[in-house]
1. Name the chymotrypsin sites (Phe, Trp or Tyr not before Pro) in the range A:32-69 that are in a loop by DSSP and that have at most 15 other C-beta atoms within 10 Å, would you?
2. By the 4.7 Å beta carbon criterion, which cysteine residues of chain A come out unpaired?
3. Among B:Ser38, B:Ser107, B:Ser129, which one moves the most in a GNM of chain B with springs linking Cα atoms closer than 10 Å?
4. Restricting attention to the range B:16-46, which trypsin sites (Lys or Arg not before Pro) occupy a DSSP loop and are surrounded by at most 12 other Cβ atoms within 10 Å?
5. In deg cm²/dmol and to the nearest 500, what is the mean residue ellipticity at 222 nm of chain A if only DSSP H runs of at least 4 residues count, each as -39500 (n - 2.57), divided by the residue total?
6. Tell me which of B:Gly122, B:Ser110, B:Ile17 sits at the most positive position along the dipole axis of the protein assembly as shown, charges placed on C-beta atoms (Lys, Arg +1; Asp, Glu -1).
7. For the protein assembly as shown, report the % of Cα-Cα distances exceeding 26 Å.
8. Treat every Asp and Glu Cβ in the range A:78-128 as -1 and every Lys and Arg Cβ as +1, leave all other atoms uncharged, and give the resulting dipole magnitude about the Cα centre to the nearest 20 debye.
Number of protein chains: 2
Amino acid sequence: MKIGQLADKTGLSIQTIRFYERKALLAAPQRTQSNYRSYSDEALKQLLFIKQCRSLDMTIEEISLVLETRAKPDNSCETVNATIDKHIDDIEQRITELNALRRSLVSVRSTCADNKKVKECGVLHQLESIAETRTTPKNII
Amino acid sequence: MKIGQLADKTGLSIQTIRFYERKALLAAPQRTQSNYRSYSDEALKQLLFIKQCRSLDMTIEEISLVLETRAKPDNSCETVNATIDKHIDDIEQRITELNALRRSLVSVRSTCADNKKVKECGVLHQLESIAETRTTPKNII
DNA sequence: GTAAACTCTATACTTGGTATAGAGTCAAGC
DNA sequence: GCTTGACTCTATACCAAGTATAGAGTTTAC
């Protein structure tokens, strides 16, 4: 199967598939005489797995780790579970941060009604006051 | 004041300050004879303003817009409020998405106990099953 | 035979910075 | 006067997870 068909079947773009190959998530496939990539059904399965992981917002690195673990059926799946657990933690933390951020924004926003002029704008005044700067999260997620 | 002092006073890194200058958030300062940047207190204020906006996770573009509006004291502050409102909306949407994501992850995770082998791992099985792929958010925030 | 559709590689772009390299400048101590 | 260390300058590359292009070659349909 050529890359276009694989893209159709997976719903991923052709560039994304090539990108995953470069990132070593997907093994480099065989090539036709004209140097076109030629994929097996295994590749399709692999890509759907990757897509599923990405839909859970796992990073390429996390997926890489999971794929590596998966390759050895008799190993413990501990690292997979640990990856998911950490990922859940990260997301929970990010939710907490965003909630705090939302509260700050709502608070700032509440200081200005509509139809004011710039010089009277409470929001701008708020932004000028050097409130104890909340250290904002590196937005990983 | 030289850039190092400004960095100390604002808590921003020297590179970040130069980066903001390149992005036109901060006006290019005067230069000494030896081509060192020489800042006024205005620049300090401006940077603190920018830092405050960034701490609210506003993008460079949003900050740019707000700064532009702020420059005209008699204009309406409508665009500022609109920017904040949209920003709040975006964050609320992102929180909703992350909550959904968290539920999915917890659900996947619940299918595997500890100390299983890869071939028995419920999490891996879940990831293989081609569940209706939740279209995952482009993580803007 | 030719045009459309497909594929290839390589490269640049996105965001908000961070991290170098290599060169120049300044102040202090000897 | 000279050296050393701290500072600054520009330019460039890097991060994640792709997306978008240019320019070339290939296959397919008519």
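1. For chymotrypsin sites (Phe, Trp or Tyr not before Pro) across the range A:32-69 that sit outside H, G, I, E and B with at most 15 neighbouring Cβ atoms in 10 Å, the list reads A:Tyr36.
2. So far as the 4.7 Å Cβ criterion goes, A:Cys53, A:Cys112 stand without a partner in chain A.
3. Comparing B:Ser38, B:Ser107, B:Ser129 in the GNM, the peak value goes to B:Ser129.
4. Answer in residue order: no site qualifies.
5. Details: 6 runs with 82 residues, N = 141.
About -18500 deg cm²/dmol.
6. In the protein assembly as shown, that residue is B:Ile17.
7. Working: 23272 of 39621 pairs.
Roughly 59 percent, once rounded to a whole number.
8. Numbers: 8 positive and 9 negative charges, 112 e Å.
That gives a dipole near 540 debye.
Where a number appears in this text, it was derived from the coordinates with a stated rule and is not lab data. No experiment lies behind these values; they were computed from the predicted model shown. Heads up, the Cβs are rebuilt from the backbone with ideal geometry, glycines too, and the neighbour counts pull from every protein chain shown.
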